[in-house]
């Protein structure tokens with residue numbers, strides 16, 4: 001089981017003919033993702049990676065029954081690509097694009113209220129539902145060879161730390177149900193709590209890993225939500241304990257503004273909710289393993 | 001991206017937001033002739049992109065053109081250190097000369113992105129002229145806030161409500177409203193991240209009537225939107241950025257200069273922060289934040305490594321890359337090139353994992369350079385601190401070497 005997408009999800013790639021889109025379409029296909037079409041305005045009727053290319057998402061979805069898209073459109077057109085996915089009636093849209101203007105995203109988020117589309121990202125690695133025998137679903141740019149199917153849900157604001165974490169878990173024999181990168185921008189689609197709710201509803205997810213960083217209050221909200229609503233053990237990591245205030249640490253959303261959004265604040269909120277926080281990023285896997293043992297779930301989470 | 005006060009005020013003028021009459025000068029002579037043209041008592045304001053200029057001696061009141069020339073001579077070419085610049089300070093290359101005004105009250109007005117509400121937020125206060133965070137901490141009831149619907153925009157009635165709430169005199173409510181609307185138009189049309197008028201001053205205009213004027217102006221812009229704001233991008237003043245940050249920005253690297261002794265070269269913002277934190281945990285202080293970007297090639301890594309080498313106070317470097325999309329062998333090649341080019345003796349620990357890491361580690365081992373390989377971040381952080389400590393020990397006891 002999984003959240004958001006699985007091996008049967010039919011996917012279109014928006015911006016499939018760009019260098020980035022092309023490269024990652026091949027990697028996603030290798031992983032087993034059921035990509036059924038590509039979309040590039042003006043290139044409708046063509047073929048790319050053996051897939052039909054359409055001018056619009058609506059045409060692509062109509063012809064193929066696709067319900068999800070992955071966006072590799074450059075920043076100037078990425079917001080419009082999300083709107084197009086929403087209006088075409090897709091259920092899920094994963095936006096990889098970094099540096100989308102903030103005011104474009106404000107309008108997009110406003111427009112998405114009340115729509116059925118669930119947006120993952122932007123400025124994130126996407127999501128992976130690991131599967132066996134080439135049956136997984138990889139939407140985005142996560143490396144394909146680190147995943148192990150299983151029962152731990154991973155949600156993260158950082159691409160690089162998601163890969164690190166998944167690799168640690170897989171090496172320890174702990175498989176993942178789904179891994180979701182919600183992205184490093186301040187204005188994004190799904191937040192921690194949205195993803196945690198989805199994991200809570202997934203009976204095959206037994207435990208959770210949350211990877212946060214400085215900036216905003218998503219981690220504090222997640223801590224409060226986990227305390228109130230979650231039946232599943234969780235561990236966390238927060239990056240940026242040494243980040244200076246007022247400086248943007250790579251991600252547009254990773255900035256301590258007006259003294260708010262510090263790592264200490266977030267670690268304290270998680271600890272208050274009884275959620276163990278790994279001291280360094282390479283201890284995330286071990287922290288989870290220890291917590292699972294305490295909760296008697298370790299054996300259940302080991303992949304056979 | 002931030003711009004200077006005089007540039008922000010030029011934008012204000014274009015949008016009809018009242019600012020004092022003023023001229024910029026880059027030399028004392030220019031300042032003197034500007035003072036002659038403006039006439040009357042003036043303020044001479046150092047143009048640096050940081051708050052706290054007043055307390056740092058960056059703003060001077062003068063009465064005559066020769067005084068203006070002297071004030072400019074004292075400020076120009078100087079490095080101004082304010083509570084926001086840090087110890088390095090920022091260089092003063094221009095001064096802004098403005099007519100000194102008789103102020104009867106100071107208000108606060110700003111626009112910024114409220115990421116929790118996912119809206120632009122207008123913040124106003126009857127207590128201007130001081131740090132708004134101080135007001136927020138001590139007297140939060142004195143701060144009024146309106147979140148703006150991105151489709152409807154800011155409306156006049158919202159500004160009228162605010163005007164009443166912060167105590168704008170009735171005769172000036174219309175002017176306050178038009179300033180607010182103009183500010184919002186500027187914010188959306190130019191892709192701002194932040195606009196601040198502090199203070200928005202109550203003064204007497206030329207005809208002896210009360211009026212509002214933006215005495216100070218601060219503007220920051222969304223870096224992600226600069227591609228469609230070429231006129232704004234052209235306002236960038238490289239001299240206001242820490243030199244290595246400016247160099248890294250030009251090379252397409254995400255870089256922040258810090259004060260510590262251990263440099264770090266990492267790909268991925270999250271892992272970069274985690275690496276800094278691990279360095280601290282093992283007793284070091286991170287000397288920089290660096291996210292190279294996942295498409296890093298040999299020359300990107302080399303440039304990144306050279307920037308770290310140029311950082312003052314660096315005693316060792318930790319490289320930490322997880323190769324998903326990134327080819328770690330290209331990163332290794334860049335590190336080797338940089339070390340060879342600089343004949344660097346600094347301790348270097350490299351932890352590479354994932355795509356191309358077998359080749360990368362072989363390249364490093366075969367290079368003959370003094371580079372240690374680590375299997376994990378924790379191990380790497382521990383190793384670099386030990387190497388730095390032993391290097392220091394050798395340096396501080398030269399006799400022991402003989």
Test: residue B:309 is in a helix (DSSP H, G or I) and either within 30 Å of residue A:245 (Cα to Cα) or at pLDDT 90 or above (or both): yes
Meets criteria (at pLDDT 95 or above and touching a strand residue (DSSP E or B) at 6+ places or on another chain (Cβ under 7 Å)) for residue B:195: yes
Selection count where residues are closer than 20 Å to residue B:10 by Cβ and not in a strand (DSSP E or B), scope segment B:50-74: 5
Residue check, residue A:97 under 30 Å from residue B:113 (Cβ atoms) and in a loop (DSSP other than H, G, I, E, B): yes
Residue in segment A:95-113 that is more than 14 Å from every other protein chain (Cβ to nearest Cβ) and at pLDDT 95 or above present: no
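Yes or no, residue by residue, for (1) away from chain A (no Cβ under 14 Å); (2) assigned to a helix (DSSP H, G or I); (3) modelled with pLDDT of 95 or more:
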{"residue": "B:336", "(1), (2), (3)": "yes, yes, no"}
{"residue": "B:339", "(1), (2), (3)": "yes, yes, no"}
{"residue": "B:344", "(1), (2), (3)": "yes, no, no"}
{"residue": "B:352", "(1), (2), (3)": "no, no, no"}
{"residue": "B:361", "(1), (2), (3)": "yes, yes, no"}
{"residue": "B:364", "(1), (2), (3)": "yes, yes, no"}
{"residue": "B:382", "(1), (2), (3)": "no, yes, yes"}
{"residue": "B:400", "(1), (2), (3)": "yes, yes, no"}
Residue match in segment B:253-264 (condition: buried (at least 17 other Cβ atoms within 10 Å of the Cβ), under 14 Å from the mean Cα position of the chain (by Cα), within 11 Å of chain A (Cβ to nearest Cβ) and under 21 Å from residue B:391 (Cβ atoms)): yes
In segment A:41-76, residue farthest from residue B:224 (Cα to Cα) [restricted to those that are within 14 Å of chain B (Cβ to nearest Cβ) and touching a residue at least 24 places away in the same chain (Cβ under 8 Å)]: A:72
Those residues of segment A:181-221 which are touching a strand residue (DSSP E or B) at 6+ places or on another chain (Cβ under 6 Å), within 14 Å of chain B (Cβ to nearest Cβ) and in contact (Cβ under 8 Å) with a residue 60 or more places away in the chain, in sequence order: A:181, A:189, A:190, A:209, A:210, A:211
Condition met for residue B:324 (free of Cβ contacts under 8 Å to residues at least 40 places away in the same chain, farther than 21 Å from residue A:248 by Cα, within 11 Å of another protein chain (Cβ to nearest Cβ) and in contact with a strand residue (DSSP E or B) (Cβ under 8 Å, 6 or more places away or on another chain)): yes
Of all residues making up segment B:287-304, the number that are within 21 Å of residue A:247 (Cβ to Cβ), modelled with pLDDT of 90 or more and not in a strand (DSSP E or B): 3
Unmet criterion (only one of (1) more than 14 Å from chain A (Cβ to nearest Cβ); (2) touching a helix residue (DSSP H, G or I) at 6+ places or on another chain (Cβ under 6 Å); (3) touching a residue at least 40 places away in the same chain (Cβ under 8 Å)) for residue B:308: (2)
Strands (runs of 3 or more DSSP E) fully within segment A:1-76 counting 3 or more residues that are in contact with a helix residue (DSSP H, G or I) (Cβ under 8 Å, 6 or more places away or on another chain) and crowded, with 23+ Cβ neighbours inside 10 Å: A:11-14, A:35-39, A:68-71
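The values are calculated or read from the model by the stated rules, or taken from the named source; none is laboratory data. Everything quoted here is computed from the prediction, not taken from an experiment. A quick note on method: Cβ atoms are made from the backbone with ideal geometry, for glycine too, and the neighbour counts reach across all protein chains shown.
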